[in-house]
Amino acid sequence: MADSLVERRSIDVVPDDERHGTAFSQFTLWLGANLQITAVVSGALAVIFGGGAFWSLIGLLVGNLLGGAVMSLHSAQGPRLGLPQMISSRAQFGVRGAVVPLLLVVVMYVGFFASGSVLAGQAVGELTHLGQTPGILLFAAITALMAAIGYRVVHVLGRVASVICALAFIYLGIRLLDRIDLGAALADRAFDLPMFLLAVSIAASWQLAFGPYVADYSRYLPRRTSSRATFWWTLAGTTLGSQWSMAFGVLVAASAGAAFLDDQVSYVVSLGGTGLIASLLYFVIALGKLTINVLNTYGGFMSMVTGISGFRGQRALSQRGRSAYIAVIMIAGTAVALLGKDTFLASFKDFLLFLLTFFTPWSAINLVDYYLISRERYDIPALSDPDGRYGAWRWDALTVYAVGIVAQLPFLATTFYTGPLVEPLGGADISWVIGLLIPALLYWLLARRDTTHIPAATIMPTDRVPVG
């Protein structure tokens, strides 16, 4: 049982004889990963920062669909390549150059681990009567254990959470609608463009932040798995789960106000009842956060290994080494959670939007290269060879990446920095749109001029014989 449950692979390609599952697994994973309290809080931010419930719901849906589509295009790469997401970045940035976006990806995972641990710590603390700080520590330890087991347990958690959390959200939704006047909550139809775009940006950033690791969880699917099926099942799961949670957050924030701000987890649980029901809901909240935090820990470990191996030439990793990398993510994330638990809500929006500045250019470059330039053809052994066809550093992609980051700054709106073009746009933040379009266009113009490094067909590491 241990041999089949504990994952042996890390950043190396998954051989065909170890592939398993169907594209539907992406639906249950991403549904379960998004039916959770942090997504509720993210949706609530659209109202807390000044938006009306009606247009916030629409803006969040637009952002979830747009960001989810980009994220799902990354997911479709997994079955074809059998590689973790960020390894494929070496084809664009170089075997060592890929470390540049990887550093920021690791920061993202630590941040999301921390934010998830704050909310889960509240739930675990209430459930065990230990308090928030011990709850955070206990939750972090369980998360690290699950991440160390690996890929199979991630998908098992996704399947379990997709059912249990869906039932809990149906119950909470009924209780919420019994308590509030839905017509009154949605009565304000005044359109405020900056607030609408804020809602779009919150949802889009939520989805785009999954991009650097989404293929990690589709890479074990059989190579024959349809790219379209992988795309659509991923999009369906992530959009349904996130919009469901965020819509719940919008209605809670619109009706509860300060009561929700004071303690997000306890207020949501109070909607369901007390006693045994409350304990069950605290468990559901912890389960939902466990699902996504295992993804964050696993993704952080994969990204660290990817970055370091680009310089060390390492492909395989021992179980002890795997545990060490996961421990680093857990310790860093837990430390941030403990330091920031009292100011979580105030900083979370800025964290989301600021991260988006760094990941939209990477996403644009990766997708343009994979679908338009390389047309899904990579030399997979060369992704580990700094002297191979992709080289150590690919300065065209790195330059475009830097330009993409800088191009967003005039349009970025956070509490610690606001670009000069935000005010003329009425306070709207459209930086993520700029961060997708400009790097995509620039990279396409540059990369199509030299395609000599692109193989005629995908080259696998087993026998160097092209396939597909």
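Things to note:
- Cβ crowding within 10 Å averaged over residues, with 400-409, 201-210, 138-147, 182-191 ranked highest first: 201-210, 138-147, 400-409, 182-191
- Phi to ³J(HN,Hα) by Karplus 6.51 cos²θ - 1.76 cosθ + 1.60 over the range 24-39, Hz, x for Gly, Pro: 4, 4, 6, 5, 5, 4, 7, 5, x, 5, 9, 7, 7, 5, 5, 5
- Applying 0.36 nm per residue to the separation of Ala456 and Leu276 and subtracting their alpha-carbon distance, the gain on full extension is 58.7 nm.
- Those trypsin sites (Lys or Arg not before Pro) in the range 1-63 that DSSP places in a loop and that have at most 16 other beta carbons within 10 Å: Arg8, Arg19
- Taking 7 Å steps out from each Cα toward its Cβ at Val62 and Ala335 produces label points 4.1 nm apart.
- Exposure ranking of Arg322, Arg152 by accessible area [1.4 Å probe, largest first]: Arg152, Arg322
- Calculated P(r) tail over 31 Å for the chain, as whole % of Cα pairs: 39 percent
- For the range 425-464, the residues whose backbone nitrogen is under 13 Å from a point 7 Å from the Cα of Leu193, taken along Cα to Cβ, are 425-430.
- Here the simple spin-label model places points 7 Å from the Cα toward Cβ, and for Arg152 and Asp262 these points are separated by 4.7 nm.
- Selected from Ile48, Ala187, Ala123, residue furthest toward positive end of dipole (the chain; charges at beta carbon): Ala123
- Accessible surface computed residue by residue for the chain, with neighbouring protein chains in place and a 1.4 Å probe, gives 37 Å² per residue.
- Sites matching trypsin sites (Lys or Arg not before Pro) across the range 388-468 that sit in DSSP coil, with at most 13 neighbouring C-beta atoms within 10 Å: Arg448, Arg449, Arg464
- Accessible area of Tyr417 in the full protein assembly, 1.4 Å probe (Å², nearest 10): 80 Å²
- Modelled label positions at Thr399 and Ile170, each set 7 Å beyond Cα in the direction of Cβ, lie 5.6 nm from each other.
- Accessible surface of the chain, 1.4 Å probe, proportion on carbon and sulfur as whole %: 67 percent
- Sites Ala229 and Phe283 - FRET efficiency at Förster radius 22 Å, r taken between beta-carbons, to 0.05: 0.10
- Close amide H pairs (under 5 Å, H built 1.01 Å from N) link Thr458 with Tyr378, Val467, residues at least 5 positions away or on another chain.
- Tilt relative to the chain, helix 319-340 - C-alpha long axis, 0 to 90 degrees, to 10: 40 degrees
The values are calculated or read from the model by the stated rules, or taken from the named source; none is laboratory data. Since this is a predicted model, take the numbers as computed values, not measurements. Quick reminder, even Gly has a Cβ in these numbers, built from the backbone with ideal geometry, and neighbours come from all protein chains shown. For accessibility, only protein heavy atoms count, side chains too; no ligands or nucleic acids. Shrake-Rupley method; radii C 1.70, N 1.55, O 1.52, S 1.80 Å.
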